[in-house]
Amino acid sequence: MTSSVITLESTPTWAVAAVVFFLISISICIEHLLHLLAKYFNKNRRKYLIQALDKIKSELLQLGFISLLLTVGEKPIANICIPKSIGETFLPCSDPSNDSPEEAKCEEQGMVSLLSRQGMKELQYLIFVLAFFHSLSCILTFGLGMAKQMRKWKSWEAETRTLEYQFSNDPRRFLLIHQTTFARRHLRFWSEHRFLRWPACFLRQFYASVSKVDYFTLRHGFITAHFSEGSTFDFQKYIKRTLEKDFGVVVGISLWVWILSMLFIFLNAHDFYNYLWLPFIPLLMLLLVGTQLQGIISRMCLESQEKSQVVRGTFLVRPSDHFFWFGWPKLLLHLMHFILFQYKFGFRSCFHRKTEDIVIRLAMGVLVQVLYGYVTLPLYALVTQMGTSMKKVIFPEKVVEGLKRWRANARRNIALKNNYTSARPSLDNNTTSINTSPSFGASPSFNLNTTHCVKFDQPSSSEYLAVGVKDEGEANSTNRETKDS
């Protein structure tokens with residue numbers, strides 16, 4: 001009995017219509033869900049989550065183009081013939097079974113196809129699974145991993161506004177450095193020796209990786225470096241906005257991630273024995289990053305001890321880029337991005353013929369996700385704020401939008417005023433003509449309110465610059481008086 005290929009001409013129309021209806025329904029549901037998410041993020045002014053959602057949409061579009069190109073190029077690529085000696089090199093399995101029929105063109109020449117039609121279909125499925133699980137793992141890790149930690153940090157941030165905290169950290173109180181809780185935690189006999197400090201930091205990341213005293217001390221160092229002493233800056237909300245921005249970077253599949261995926265495909269040849277070492281690379285990198293983050297905290301403590309043996313109020317650490325690898329804090333973000341990217345194959349293939357291989361692959365994947373979300377990610381979120389410069393997300397979205405409108409209105413009004421003064425004719429040829437150059441005696445008055453208007457007043461003995469900023473229910477106003485010289 002011979003088997004024949006059934007085409008659309010031999011298929012009932014109701015079956016074709018039912019399949020198309022099902023696919024379109026699924027697509028509409030996904031599109032509607034993404035639309036609802038975008039609407040929710042816009043309502044809550046979550047700018048960076050909107051950008052992350054746009055990246056996910058662009059990845060779906062990119063996968064659609066890849067699928068289309070693989071479908072259209074299936075036959076032309078299969079007709080590309082190569083010698084059998086080349087086609088049998090760097091095979092993923094030691095004893096491959098080739099059940100797919102070769103193209104007649106290549107078979108007549110005694111050659112093999114560059115990539116068979118069946119291989120094209122499997123490659124299309126593989127790329128889709130790779131991109132889908134990468135985005136899904138990022139969402140689960142950042143969403144579930146930081147949800148619990150953010151609630152804890154929110155309670156710690158609220159504690160900094162209590163009278164008890166302000167009294168215990170009064171700058172008029174002086175302590176020896178070894179009397180502080182932060183110094184007792186990080187200044188041990190192993191702290192000054194690099195070869196002892198690294199193993200200690202490696203073990204510390206597994207229990208209480210971010211303690212309350214670490215949060216309070218790093219928060220105090222950040223605020224002291226970038227704000228005035230005693231500022232009520234909400235450090236927890238700043239970290240939250242920073243993580244949302246970093247999530248937009250990690251969830252995306254950039255060019256270098258695609259290059260790594262191609263490299264991993266190449267390294268899955270049996271000649272490299274990658275099943276013995278490839279599953280352990282993400283775990284080793286994750287442990288290395290966690291050790292480095294703990295080491296940064298210890299080194300900041302050591303540097304503060306070298307500068308002073310007396311603490312005024314709270315232990316003070318000084319943020320700096322030199323604590324990070326190559327003086328580049330953003331390098332850790334790229335490493336975290338790489339760790340979340342894991343290459344996956346189906347369980348029933350020549351890569352996992354033994355149950356032990358499946359167990360090792362699953363165990364490594366689960367262990368990496370748990371350590372990433374509950375150990376390394378909180379450390380990364382806190383320690384990477386201790387660079388020399390603060391990030392752009394220091395301002396809430398409402399403030400950024402208000403400042404942009406204020407700047408645009410100011411430029412427009414300045415241009416209108418300059419055009420008006422330059423167009424006025426001279427009152428008298430014998431008298432001094434009107435000077436069209438900018439007057440340094442005049443000082444503009446800016447008022448950032450609901451109308452976002454900019455008004456230019458005439459020179460007077462004193463003028464005021466008032467900017468009102470409302471940040472999530474808290475109104476902070478700053479008034480500065482400037483006098484003419």
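For segment 1-84, the helices (runs of 4 or more DSSP H) that sit wholly inside it and include 1 or more residues that are touching a Phe, Trp or Tyr at 6+ places or on another chain (Cβ under 8 Å) are 47-72. Of the helices (runs of 4 or more DSSP H) entirely within segment 226-334, those holding at least 2 residues that are open to solvent by less than 20 Å² (accessible area, probe 1.4 Å) and closer than 20 Å to Val375 by Cα occupy 235-250, 281-307. Before we move on, is Thr7 β-branched (Val, Ile, Thr), open to solvent by less than 80 Å² (accessible area, probe 1.4 Å) and modelled with pLDDT of 80 or more? Against the criterion (β-branched (Val, Ile, Thr), open to solvent by less than 80 Å² (accessible area, probe 1.4 Å) and modelled with pLDDT of 80 or more), Thr7 does not qualify.
The number of residues in segment 29-57 being free of Cβ contacts under 8 Å to residues at least 40 places away in the same chain and under 23 Å from Gln124 (Cβ atoms) comes to 5. Condition test on Ala78, is it small (Gly, Ala, Ser), modelled with pLDDT of 80 or more, assigned by the TED database to the domain that holds Ser27 and farther than 30 Å from Lys245 by Cβ? Taking the combined requirement at face value, the residue satisfies it.
Hey, any hits in segment 390-409 for a residue that's among the basic types (Lys, Arg), closer than 30 Å to Ile50 by Cβ, at pLDDT 85 or above and surrounded by 11 or more Cβ atoms within 10 Å (Cβ to Cβ)? Within segment 390-409, one or more residues are among the basic types (Lys, Arg), closer than 30 Å to Ile50 by Cβ, at pLDDT 85 or above and surrounded by 11 or more Cβ atoms within 10 Å (Cβ to Cβ).
If you take the residues of segment 158-179 that are within 20 Å of Phe222 (Cα to Cα) and among the aliphatic types (A, V, I, L, M), which of them is surrounded by the most Cβ atoms within 10 Å (Cβ to Cβ)? If we take residues in segment 158-179 being within 20 Å of Phe222 (Cα to Cα) and among the aliphatic types (A, V, I, L, M), then Ile177 is surrounded by the most Cβ atoms within 10 Å (Cβ to Cβ). Of the set (1) in contact with a Pro (Cβ under 8 Å, 6 or more places away or on another chain); (2) in the same structural domain as Thr224 (by the TED database); (3) not acidic (Asp, Glu), all apply to Met111 but (2).
In segment 108-123 there is no residue that is out of contact with any Gly (no Cβ under 8 Å at 6 or more places or on another chain), of a type in the set (Lys, Arg) and modelled with pLDDT under 80. Evaluate the following for Leu130: is it in a helix (DSSP H, G or I), under 30 Å from Phe338 (Cβ atoms) and open to solvent by 50 Å² or more (accessible area, probe 1.4 Å)? So Leu130 fails the test. Would you check if there is a residue in segment 147-157 being of a type outside the set (Asp, Glu), in the same structural domain as Glu397 (by the TED database), open to solvent by 80 Å² or more (accessible area, probe 1.4 Å) and part of a loop (DSSP other than H, G, I, E, B)? No, that holds for no residue. Evaluating Thr388 against the criteria (1) polar (S, T, N, Q); (2) assigned to a helix (DSSP H, G or I); (3) more than 30 Å from Ala269 (Cβ to Cβ) leaves one unmet condition, (2). Of all residues in segment 370-419, those satisfying the criterion of being farther than 30 Å from Gly290 by Cβ and β-branched (Val, Ile, Thr) are Val399, Val400, Ile414. Within segment 378-402, being in contact with a Leu (Cβ under 8 Å, 6 or more places away or on another chain) and in contact (Cβ under 8 Å) with a residue 12 or more places away in the chain holds for Leu379, Tyr380, Ala381, Leu382, Val383, Thr384, Gln385, Met386, Gly402. Of all residues in segment 249-305, which are closer than 20 Å to Val210 by Cα and in contact with a Pro (Cβ under 9 Å, 6 or more places away or on another chain)? Hits for segment 249-305 are Thr291, Met300.
Step by step: first the residues of segment 198-216, then only those that are part of a helix (DSSP H, G or I) and open to solvent by less than 30 Å² (accessible area, probe 1.4 Å), then the one that is farthest from Gln294 (Cα to Cα). Which residue is that? Selected residue: Phe216.
The values are calculated or read from the model by the stated rules, or taken from the named source; none is laboratory data. Note that the structure is predicted; figures quoted are calculated from it, not measured. Ideal geometry is used to build each Cβ from the backbone, glycine not excepted, and the neighbour counts take in all protein chains shown. Just the protein is used for accessible areas: all its heavy atoms, side chains included, with ligands, DNA and RNA removed. Shrake-Rupley method; radii C 1.70, N 1.55, O 1.52, S 1.80 Å.
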